[in-house]
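Reading through the structure tokens given below for one structure.
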Amino acid sequence: MAIQRTFSIIKPDATRRNLTGAINAKIEAAGLRIVAQKRIHMTPAQAGQFYAVHKERPFYGELCEFMASAPVVVQVLEGENAIAKYREVMGATDPAAADAGTIRKEFALSKGENSVHGSDAPETAAEEIAYFFAGIELVG
Ligand code: GDP
């Protein structure tokens, strides 16, 4: 499997509880390298555009409001099979269903406030990285 890049967000519930370092430790322990990272505070419109794919879902408004409620840390992670590997490290969307040792099992508060986002496919990873980062900011 080739080296891949994936896009990650440490969400407001986690930044509020000062968990950026603890989450980064899990990312790095899994063999993923953080090749870009910055802390931003999204507007509801920016969050809405990022999550546009979920526009028709009943929780869309709540999700956008949550993502704009406090700073987030946006990241690009690099490694072997990075997209699937990070999804594994994150755990299931609902922390109650997440495997032991995953980020969401250890840190998430609920299905909505679930501490991290990770891309689900190569196309979305490329789009999501380009939404937040310029090429010159990715330092592998
Ligand atoms: P993910 O790929 O595991 O992040 O999950 P999804 O793509 O299905 O959902 C995107 C995000 O929407 C999740 O990470 C949650 O933050 C949020 N979300 C999903 N389901 C619910 C829900 O039932 N209620 C609320 N409030 N948020 C949800």
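The values are calculated or read from the model by the stated rules, or taken from the named source; none is laboratory data. Keep in mind that what you see is a predicted model, and the values were worked out from it rather than measured. No Cβ is skipped: glycine too gets one built from the backbone with ideal geometry, and neighbour counts run over all protein chains shown.
Scanning the stretch 54-74 for residues that are within 15 Å of the ligand (Cβ to nearest atom) and touching a residue at least 60 places away in the same chain (Cβ under 8 Å) returns VAL72, VAL74. Figure legend. Inter-residue proximity from the stretch 102-114: first residues more than 13 Å from PRO12 (Cβ to Cβ) and part of a loop (DSSP other than H, G, I, E, B), second residues modelled with pLDDT of 95 or more and not aliphatic (A, V, I, L, M), beta-carbon distance below 9 Å, spacing 6+ or different chains. Indicated pairs: THR102/LYS26; THR102/GLU88; THR102/GLY91; THR102/PRO95; LYS111/PHE59; LYS111/THR93; LYS111/ASP94; LYS111/PRO95.
Taking ILE129, is it within 14 Å of the chain's Cα centre (by Cα), part of a helix (DSSP H, G or I) and of a type outside the set (Ser, Thr, Tyr)?
On the way: within 14 Å of the chain's Cα centre (by Cα): yes; part of a helix (DSSP H, G or I): yes; of a type outside the set (Ser, Thr, Tyr): yes.
Yes.
In the stretch 85-115, the qualifying residues are those that are hydrophobic (A, V, I, L, M, F, W, C) and closer than 15 Å to GLU28 by Cα, and the one that is nearest to the ligand (Cβ to nearest atom) is MET90. Of the residues making up the stretch 34-48, those that are touching a residue at least 40 places away in the same chain (Cβ under 8 Å) and surrounded by fewer than 15 Cβ atoms within 10 Å (Cβ to Cβ) number 2.
For the stretch 27-53, what are the residues that are touching a helix residue (DSSP H, G or I) at 6+ places or on another chain (Cβ under 7 Å), within 16 Å of the ligand (Cβ to nearest atom) and not β-branched (Val, Ile, Thr)? Can you show your working first?
Quick first cut of the stretch 27-53, residues touching a helix residue (DSSP H, G or I) at 6+ places or on another chain (Cβ under 7 Å) only: 27, 30, 32, 34, 36, 42, 44, 47-48, 50-51.
Imposing the further condition that a residue be within 16 Å of the ligand (Cβ to nearest atom) reduces the set to 27, 42, 44, 47-48, 50-51.
Selection gives MET42, PRO44, ALA47, GLY48, PHE50, TYR51.
Screening the candidates ALA125, ALA108, ALA96 for the property of being buried (at least 19 other Cβ atoms within 10 Å of the Cβ) and over 12 Å from THR6 (Cβ atoms) yields one hit, ALA108.
Only one residue in ILE27, ILE83, ILE40 is at pLDDT 95 or above and farther than 19 Å from PHE133 by Cα, so which one is that? Before the answer, list the steps.
On the way: ILE83 fails: farther than 19 Å from PHE133 by Cα; ILE40 fails: farther than 19 Å from PHE133 by Cα.
Criteria check complete, one pass: ILE27.
Conditions first: (1) surrounded by fewer than 13 Cβ atoms within 10 Å (Cβ to Cβ); (2) within 16 Å of the ligand (Cβ to nearest atom); (3) acidic (Asp, Glu); (4) in contact (Cβ under 8 Å) with a residue 60 or more places away in the chain. GLU80 passes all but one, so which condition is the exception? It is condition (2) that GLU80 fails.
Determine whether GLY48 is of a type outside the set (Asp, Glu) and closer than 24 Å to ALA134 by Cβ. It is true that GLY48 is of a type outside the set (Asp, Glu) and closer than 24 Å to ALA134 by Cβ. Here is the figure for the stretch 115-126: residues that are within 13 Å of the chain's Cα centre (by Cα) and assigned to a helix (DSSP H, G or I) total 2. Within the stretch 50-92, the residues that satisfy the criterion of being among the aromatic types (Phe, Trp, Tyr) and either in contact with a Lys or Arg (Cβ under 6 Å, 6 or more places away or on another chain) or over 15 Å from ASN114 (Cβ atoms) (or both) are PHE50, TYR60.
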